[in-house]
Amino acid sequence: MIYAIQPGMAGERLDRALAAILPAFGLRGCRRMILDGHVLVNGRGLRPGQKLPPAGSIEILEFSTPVQEGARLIRACGDYFYLHKPAGMHSASLAGRNNASLEARLPQLLPPGMSSTMLLQRLDYGTSGIVCAAATECAGNAFRQAEAAGRCHKYYLALVEGFHYKDMLAKGKFASGRRRRVSVLADGAPAIRQTAFVPLWHLEGVECNGLQTDRALTLVLCHIFKGQRHQIRAHAADLGFPLAGDALYGSKIPGNFCLHNFLLDFDGDKTVDLAPDSFPATLPKGAKKAVLAWLAKAGIAEQNLGEV
């Protein structure tokens, strides 16, 4: 689809101009389309906030994405459902797009009659792992209150550049505004907005989903409470070890970053997801054993983990 840039649109932000052309997508949906590379202005890509030229055209490329089949229900507990979101799937549905999102798959993943179930978490498109959903508004409010009180612990696995041996805590707060790349300021983030990094295993060379390198990497455990957009990615880069393959945050390794939400501890109720499809399928046995050893310390028996 090609739309001519009208005289009154000159100097307007691209995302706002696109939202006026396609109101069904909303401003957020239009920003995602632009960031995903589906919008060209006079034949080239722009950032959502860039201004339109005086003349020319806005072209919207075909952006139909095959529905990923890896989404599934991990477990149900009361009014909560814990789901696995595969890498390469959006968390939330977007008006006007196809149903390649975890939210759109809920009717197929949940028991009948759960049409009002709402997602309580969102993971980046390239991140895999646990997403919690609530069947009632009351349950959703209880989850958010637990997050705000620091009673919701989220543990991720990530592959970062370099060999790292010490535990580290990122305390930097995020700059206000919604930019494509989150900027980290000086220390000052409250405890529930900080990120702890614990090195688990060192390895050299991986190949998965376009990520190919012979450089030194560290498998790290990342602990957050009430996560912000790109929190782990931005904090890791700010500490000097970006996620391998995360070009947006400075990684020089080509490919896709590896980040997986593998443990959610909500008021002592623990859910584990050890199917990190954003990761190389052939992680060394030592790396897997390191994860199992950490889980054992957390009080989760190996026989309850399923296939690792």
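Amide H contacts under 5 Å for Asn256: Leu211, restricted to partners 5 or more places along the chain or on a different chain, H placed in the peptide plane at 1.01 Å from N. Here the Gaussian network model covers the chain, with springs between Cα atoms less than 10 Å apart; of Ala19, Ala287, Ala298, Ala298 fluctuates the most. Sorting Tyr80, Tyr165 by solvent-accessible area of protein heavy atoms yields Tyr165, Tyr80, largest first, with a 1.4 Å probe. The order of Ser128, Ser57 by accessible area, most exposed first and with a 1.4 Å probe, is Ser57, Ser128. In this label model, Gln108 and Asp167 are separated by 4.2 nm, measuring between points 7 Å along each Cα→Cβ vector. Note on Ile21 and Leu73: the model spin-label points, each 7 Å out from Cα along the C-beta direction, lie 4.1 nm apart. Extension gain, Gln145 to Ala10, is 44.1 nm, computed as 0.36 nm per intervening residue step minus the present C-alpha separation. Note on Val198 and Arg47: the extension gain reaches 50.9 nm, defined as 0.36 nm multiplied by sequence separation minus the Cα-Cα distance.
Within the accessible area of the chain, what % is carbon and sulfur when the probe is 1.4 Å and the other protein chains stay in place? Don't jump to the answer; show the numbers that get you there.
Details: 7460 of 14680 Å².
Result for the chain: 51 percent of the exposed heavy-atom area is carbon or sulfur.
Pairs of Cα atoms nearer than 8 Å and 6+ residues apart set the relative contact order; for segment 133-238 it is 32 percent.
List the longest stretch of the chain that has no exposed loop site; here a site is one of the GluC sites (Glu not before Pro) assigned by DSSP to anything other than H, G, I, E or B, with at most 12 other Cβ within 10 Å. Mind showing how you got there, number by number?
On the way: sites that count: Glu62, Glu69, Glu307.
Value returned for the longest uninterrupted segment is 70-306.
Listed cross-link partners Lys173/Lys285; Lys154/Lys285; Lys166/Lys289; Lys173/Lys252 are compared with a 29 Å cut-off, the Cα-Cα value being larger for Lys173/Lys285.
In this label model, Asp187 and Glu59 are separated by 5.1 nm, measuring between points 7 Å along each Cα→Cβ vector.
Other residues lying with their Cβ under 13 Å from the Cβ of Gln121 contribute a combined charge of +2, Lys and Arg counting +1, Asp and Glu -1.
Taking Gly162, Gly56, Gly140 in turn, the Gaussian network model of the chain (Cα-Cα springs below 10 Å) assigns the largest fluctuation to Gly56. Scalar couplings 3J(HN,Hα) for segment 164-179, obtained by applying the Karplus form with A = 6.51, B = -1.76, C = 1.60 to θ = phi - 60°, are 10, 10, 10, 5, 9, 10, 8, 10, x, 8, 8, 5, 6, x, 10, 9 Hz; x denotes Gly and Pro. In the assembled protein chains, Leu203 presents an accessible area of approximately 10 Å² (probe radius 1.4 Å).
Just by accessible area at a 1.4 angstrom probe, what is the order of Ser93, Ser101 from largest to smallest?
Numbers: Ser93 50, Ser101 5 Å².
I get Ser93, Ser101, largest accessible area first.
Springs join every pair of Cα atoms under 10 Å in this Gaussian network model of the chain, and among Arg75, Arg233, Arg178 the largest mean-square fluctuation is at Arg178.
Test of understanding: what is the full-extension gain from Ala216 to Lys270, defined as 0.36 nm times their sequence separation minus their Cα-Cα distance? Before the final figure, lay out each step's value.
Values: separation 54, 0.36 × 54 = 19.44 nm, distance 3.20 nm.
Difference between extended and current length: 16.2 nm.
Count Lys and Arg as plus one, Asp and Glu as minus one, and take only other residues whose Cβ is under 14 Å from that of Gly162; the net charge is then -1.
Students often get this wrong, so try it: which of [x] 72, 61, 35; [y] 64, 49, 38; [z] 60, 58, 39 is Cα extents along the principal axes in Å as calculated from the structure shown? Recomputing Cα extents along the principal axes in Å here picks out [y]. Amide H contacts for Ile74 (H built 1.01 Å from N in the peptide plane; partners 5 or more residues away or on another chain; cut-off under 5 Å): Tyr82, Leu83, His84. What you get for the chain, charging only the Cβ of Lys and Arg (+1) and of Asp and Glu (-1), is a dipole of about 800 debye around the Cα centre. With protein chains left intact and a 1.4 Å probe, residues in the chain average 48 Å² of accessible area per residue.
Rolling a 1.4 Å probe over the protein chains gives Lys226 an accessible area of about 50 Å².
The values are calculated or read from the model by the stated rules, or taken from the named source; none is laboratory data. Bear in mind that the values here come from a model prediction, so they are computed numbers and not experimental data. Positions of Cβ are backbone-derived with ideal geometry, glycine not excepted, and every protein chain shown enters the neighbour counts. Heavy atoms of the whole protein, side chains included, go into the accessibility calculation; ligands, DNA and RNA do not. Shrake-Rupley method; radii C 1.70, N 1.55, O 1.52, S 1.80 Å.
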